[in-house]
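> What follows is a structure written as structure tokens; I'll ask about it next.
The values are calculated or read from the model by the stated rules, or taken from the named source; none is laboratory data. Just so you know, these numbers come straight off a predicted model, no measurement behind them. FYI the Cβ positions are ideal-geometry reconstructions off the backbone, even for glycines, and counts take in every protein chain you see.
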Amino acid sequence: MDYQGDIIRPPSEAFSLILQVTTGCSHNRCTFCGAYRDKPFRIKPWQQIETDLDFAATWCQRHTTLFLADGDALALPHTHLIALLERIRHKLPWIRRISSYASCQNILARTDAELSDYKRLGMSRLYMGLETGHDPTLRAIGKGVDSAQMIEAGQRVRKAAIFLSITCLLGIAGAENSLAHASATARALSRMQPHQIAVLTLMLIPETPLYRLMRAGRFVLPDPARLFQELRCLLEQLEPFRTQFHANHASNYFSLSGRLPKDREGMLATIDRAVGGLLPLKPELWRAL
């Protein structure tokens, strides 16, 4: 398989076959993200993708899930993506789930019929980075969309019967807007009602614009106690819809996972233990992206 640069995939795709169909990210303007800054966006040549599919057909028959890398396979032209999904179905018929990252912009660029076509051809899970539902923060971090557009994109993925996983970032609004960010994010999530919510904690990456703002004293990352309050506020203010809630990423100071609404009280109690200093926290050296 041809892999160019570091391959980034969601934790839940750890055992998936990774098929790199683009390099980089079609947006690549988020001030906190350093994942693709050294990797210009481009669509990989069709012949290379065909070669990788041939390899997978021979050597990867134990994989039943497939993740399309890099940053956002929905940046592919519609006809190109349809052809790709059809080739996967033809060459790897044992694959039961195809997944991809998806930006809000590229979701909104698709019609409802196109999204339904992707579902029909096996693309059954999309991961979208909301980060925050707080519009001033969305502008500040360069997401290029507002919360209303994020909500619309999430609702349209749900309408197409595609599993929707949404990522949120503790700390992304800084210390000053910490709780406003948490409340606005809970409201956005409640309107999207994703199947899965993944909460990460911001880790400032050297040479990113947000890191430079921090060094200049123009961005203050909340301390752990405020991050825990942020997490509690977000969880507490979510409306009672059914979803998987995970705050167990390597960037987080402790692991939290459950199903809402049934596990809400237990998870809130765990956060309260962390706030009260009664829960062992992950050492800084062990935290990672």
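> Restricting attention to the stretch 132-159, and to residues there that are in contact with a Leu (Cβ under 8 Å, 6 or more places away or on another chain) and over 30 Å from residue 95 (Cα atoms), which single residue is surrounded by the fewest Cβ atoms within 10 Å (Cβ to Cβ)?
It comes out as 146.
> Restricting to the stretch 27-52, count the residues that are over 24 Å from residue 132 (Cα atoms) and either of a type in the set (D, E, K, R) or surrounded by 20 or more Cβ atoms within 10 Å (Cβ to Cβ) (or both). I'd like the intermediate steps shown before the answer.
Residues of the stretch 27-52 that are over 24 Å from residue 132 (Cα atoms), as a first pass: 38-52.
Keeping just the survivors that are either of a type in the set (D, E, K, R) or surrounded by 20 or more Cβ atoms within 10 Å (Cβ to Cβ) (or both) gives 38-39, 42, 44, 49-50, 52.
Qualifying residue count for the region: 7.
> Do we find that residue 112 is farther than 30 Å from residue 137 by Cα, loosely packed, with under 14 Cβ neighbours inside 10 Å and not β-branched (Val, Ile, Thr) in this structure?
no
> A further question follows. Considering only the stretch 160-269, give the strands (runs of 3 or more DSSP E) lying wholly within it that have at least 2 residues that are under 24 Å from residue 107 (Cβ atoms) and not aliphatic (A, V, I, L, M).
163-170, 243-246
> Would you check which residues across the stretch 1-23 are outside any loop (DSSP other than H, G, I, E, B), of a type outside the set (A, V, I, L, M) and crowded, with 18+ Cβ neighbours inside 10 Å and list them?
Hits for the stretch 1-23 are 13, 20, 22, 23.
> Considering the stretch 61-105 alone, what residues qualify as being surrounded by fewer than 21 Cβ atoms within 10 Å (Cβ to Cβ) and either at pLDDT below 95 or among the β-branched types (Val, Ile, Thr) (or both)?
Answer for the stretch 61-105, where residues must be surrounded by fewer than 21 Cβ atoms within 10 Å (Cβ to Cβ) and either at pLDDT below 95 or among the β-branched types (Val, Ile, Thr) (or both): 64, 65, 79, 82, 95.
> Here's another thing I want to ask about it. Being under 21 Å from the mean Cα position of the chain (by Cα), surrounded by 14 or more Cβ atoms within 10 Å (Cβ to Cβ) and assigned to a loop (DSSP other than H, G, I, E, B): is that true of residue 289 here? Don't jump to the end; show me each part of the working.
Numbers: under 21 Å from the mean Cα position of the chain (by Cα): yes; surrounded by 14 or more Cβ atoms within 10 Å (Cβ to Cβ): yes; assigned to a loop (DSSP other than H, G, I, E, B): yes.
Considered against the rule, which asks whether it is under 21 Å from the mean Cα position of the chain (by Cα), surrounded by 14 or more Cβ atoms within 10 Å (Cβ to Cβ) and assigned to a loop (DSSP other than H, G, I, E, B), residue 289 comes out as yes.
> Here are some residues: 191, 215. Which one is free of Cβ contacts under 8 Å to residues at least 12 places away in the same chain and surrounded by fewer than 23 Cβ atoms within 10 Å (Cβ to Cβ)?
215
> What tally of residues in the stretch 267-280 results from selecting those that are without any contact (Cβ under 8 Å) to a residue 24 or more places away in the chain and either under 25 Å from the mean Cα position of the chain (by Cα) or farther than 17 Å from residue 237 by Cβ (or both)?
Matching residues across the stretch 267-280 total 5.
> Checking the conditions here, which among 12, 103, 16, 26 is in contact (Cβ under 8 Å) with a residue 12 or more places away in the chain and touching a helix residue (DSSP H, G or I) at 6+ places or on another chain (Cβ under 6 Å)?
Selected residue: 26, the only one of 12, 103, 16, 26 that is in contact (Cβ under 8 Å) with a residue 12 or more places away in the chain and touching a helix residue (DSSP H, G or I) at 6+ places or on another chain (Cβ under 6 Å).
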